[in-house]
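Readers should treat all values here as calculations from the given coordinates under stated rules, not as data from a laboratory. Small disclaimer: the values here were computed from a predicted structure and weren't measured. Positions of Cβ are generated from backbone atoms using ideal geometry, with glycine treated the same way; all protein chains shown enter the neighbour counts.
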Amino acid sequence: MLAAAQQAQSVGQLYATDASVKGSVMLAGSGTSVLSGSSIEAGTQAATLKLERGGSLLVCEGTKLSITSSQSGRQMLFSLNSGNLELNYPLGTEADNLLTPDLRLLLPGPGTVHVAVRVAPNGDTCVQSLPWNAAAIVISETMGDATYQVKPDEAVVFKSGHLAQASKSKSNCGCPKETPPTQVAKATPPSVPLAPGSPYGQNSPPAAAMLPPPQQPLSPQAQQLASAPPPPEQHLAVDAPMIFHGDSPAPDLRQNVVLLRLENTKVVPLEPTVLPPPKKKAKPAPTQVAQSQPRSQNQSRGFFSKLGAFFASIFH
């Protein structure tokens, strides 16, 4: 058994955390060396097989793949019952083959093989030529002679593994792409800077401390005073004519004038009007006229003297 394992050709080294291998294996320094004729079954994570001739195979989670190589190691035969597989390696003038329960995929060289394959349990087979694939993918039925060629950057689904039911697709035929979890950003309100010596320290004050104090309701008297309009400005202007009769005794105007409320910014116009004495029917005696004339003059002079002194006392 050990001699048979030594004679078997190593196809590559397996890197996986929970994959299982059935067949001949050899422990290597960095991984597990898988020999020809072995099968690899990936667990909950995809397993990577680095080929000895260059390139790699990606066995998707839950997929079982069998590998057999020629004695020279230049040609390989892959067998896939169900699951997903991705091939990415350079190929020389030889050709590799991939077998499914219903189809056969021919991968001729020279060029780079970059192909994804998915086989469903009901037989639906998806073949996808990935962007940098240079090899022509020729597909044929295991029990027929018809062929189908998948063009570059094209994905084709064969219903129940029949070429006659081929249809183009835009789905991914390789390993399921993991969707990164959605991260929701949480915005934190900025802290309010406080004056030195604040009782809240460096943290933000509570919401109740930031609210303005409530207003106390006004009493009915205060509301009435607040809603009442301001009193209008009062100004007093006096325009009083003075009438003087020459034969009448001088009136005493001090009491009336003192009771008036005068403005300092306005001048009270006082326009005295002097009326002539009434006409007398009979001429008085010379002695009486001579006696009354000085008296009238004296009375007139005394009145104007008193009036001038009164206004002089008010405006000075």
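Using only the Cα atoms, what convex hull volume per residue in Å³ does the range 25-65 have? Please report the intermediate quantities before stating the final value.
Working: hull volume 3.1 nm³, N = 41.
Convex hull of Cα atoms, per residue: 77 Å³.
Can you tell me the order of 76-83, 8-15 when each peptide is scored by its average per-residue count of other Cβ atoms within 10 angstrom, highest first? If you can, show how the numbers build up before the last one.
Details: 76-83: 17.9, 8-15: 19.9.
Listed from highest to lowest mean packing, they are 8-15, 76-83.
Out of every Cα-Cα pair in the range 1-131, what percent are more than 18 Å apart? Provide the component values of the computation, followed by the final result.
Values: 4362 of 8515 pairs.
Every Cα pair in the range 1-131 considered, those over 18 Å come to 51 percent.
So for each of 68-74, 122-128 I average, over its residues, the number of other beta carbons within 10 Å; can you give me the resulting order with the highest mean first?
Values: 68-74: 14.3, 122-128: 19.3.
Ranked from most to least packed, the peptides come out as 122-128, 68-74.
Taking θ as phi - 60°, what are the ³J(HN,Hα) couplings along the range 117-129 by the Karplus curve (6.51, -1.76, 1.60), each to the nearest whole Hz, with x for Gly and Pro?
Those phi angles translate into 9, 9, 10, 7, x, 7, x, 5, 10, 10, 10, 10, 8 Hz.
Short version: ³J(HN,Hα) in whole Hz for each residue of the range 150-156, in order, from phi by Karplus 6.51 cos²θ - 1.76 cosθ + 1.60 (θ = phi - 60°), x for Gly and Pro, what are they?
Those phi angles translate into 8, 7, x, 6, 10, 10, 10 Hz.
Is there a pair in 151/177; 50/159; 22/168; 50/168 whose C-alpha atoms are over 26 Å apart, and which pairs would that be?
Working: 151/177 23 Å; 50/159 32 Å; 22/168 36 Å; 50/168 31 Å.
The pairs that break the limit, which is 26 Å between Cα atoms, are 50/159; 22/168; 50/168.
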